[in-house]
Every structure is written in structure tokens, then in C-alpha cells.
1. Take the Cβ-Cβ distance between Ile96 and Leu116 as r, set R0 to 35 Å, and report the resulting FRET efficiency rounded to the nearest 0.05.
2. Once the principal axes of the Cα atoms of the chain are found, what is the range along each, listed largest first in whole angstroms?
3. Restricting to DSSP H runs of at least four residues, report the calculated mean residue ellipticity at 222 nm for the chain, -39500 (n - 2.57) per run over all residues, nearest 500 deg cm²/dmol.
4. Could you go through segment 8-16 in sequence order and give the Karplus-derived ³J(HN,Hα) for each residue, using 6.51 cos²θ - 1.76 cosθ + 1.60 with θ = phi - 60°, rounded to whole Hz, and x for Gly and Pro?
Amino acid sequence: MTSRSRKSQLWLGFGGLLVALLLAGVFTLGSLDLPFEPGQPNEVVILYALSTFIVAALLVFGLILTRSLLRLWAERRAKQLGARFKTKMVFGAMAISLLPVIFLFIVSYALLNRTLLRWFPRPLEIATEESHKLLDDLVRNERERLLATASEARLY
């Protein structure tokens with residue numbers, strides 16, 4: 001085994017361990033019971049402004065990335081010198097950049113799930129119970145109506 005492949009295996013093992021530790025941290029944070037409830041109006045405004053800024057930045061950087069990928073695709077198609085190397089560099093940078101985004105998505109997904117469970121406890125059970133109550137009332141009312149109709153029919 002060469003020293004180069006040993007180094008790459010070492011880096012790969014270190015990266016895998018780091019990913020496993022980060023996932024363990026995300027799941028640990030997801031299991032904590034720390035609700036986020038903005039209490040004052042200025043906190044809601046700050047949260048709204050921050051969310052708006054993040055969405056605007058996502059749109060701008062998405063357009064820049066799309067433009068760069070289209071230019072790179074055109075260079076590859078024209079077989080320009082260094083286009084293959086540039087492609088590898090761009091995709092490597094995208095992979096490194098997307099790793100934090102993926103972890104942020106996992107954290108926000110866990111946070112949203114926990115918040116929805118806190119806001120809407122037992123939604124399916126409550127809906128099922130209400131449906132059963134509604135059906136029981138419907139059956140009871142219909143039975144009373146049919147019995148009244150049957151008793152009227154016997155009188156004639």
C-alpha cells in the first residue's frame with residue numbers, strides 16, 4: 001500500500017468519523033426538549049427579517065451557481081484547456097459547500113417535527129375520536145328517525 005492511498009484512507013476515515021459525530025450531535029439536539037417561542041414582538045420581527053435575508057441570499061447564490069455551471073458546461077463542450085480540471089474543482093467545492101447545508105436541513109427538519117408535535121399533539125388520534133363521535137351521533141339520529149317513521153307506518 002502506498003503512502004498516498006494510506007493518507008487518503010486516513011482522511012476518508014477521519015471524514016466518516018466526523019460525519020458520524022455530527023449526526024450523533026444532531027440527533028442528540030433533536031431529542032432535547034428546548035422549545036423556541038418568540039415572546040416579544042421584536043423577536044418575531046427579527047426572526048422574520050433573518051428568514052427573509054436567508055431566502056434572498058439563497059436566491060442570489062443559486063443564480064450565481066447556475067450561471068457558473070452554465071459557463072463551465074459551455075467550456076467543457078468547447079473543449080477548452082483546463083475545463084476538466086475546473087469541473088473537478090467546481091464540483092469539489094460544491095460538495096464541500098453542500099455538506100453544511102445538508103446538516104442544517106437535518107437539524108431544521110428535526111426542529112420542525114418537534115415543534116409540530118408540540119403544537120398539534122396526537123392529531124390523528126384526535127381526528128379519529130372526533131370522527132367516531134360524529135358517526136355515532138349520525139347513527140343515533142338516523143335510527144331515531146327510522147323508528148319514528150316505522151311507528152307512523154304501523155298506525156296507518
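Each value in this text was obtained by applying a stated rule to the coordinates, not by laboratory testing. The model shown is predicted, which means the values in this text are computed figures rather than measured ones. Note that each Cβ is placed from the backbone with ideal geometry, even for glycine, and that neighbours are counted across all protein chains shown.
1. 0.65
2. That works out to 101, 49, 42 Å along the principal axes.
3. -32000 deg cm²/dmol
4. Karplus-based 3J(HN,Hα) across segment 8-16 equals 5, 5, 5, 5, 5, x, 5, x, x Hz.
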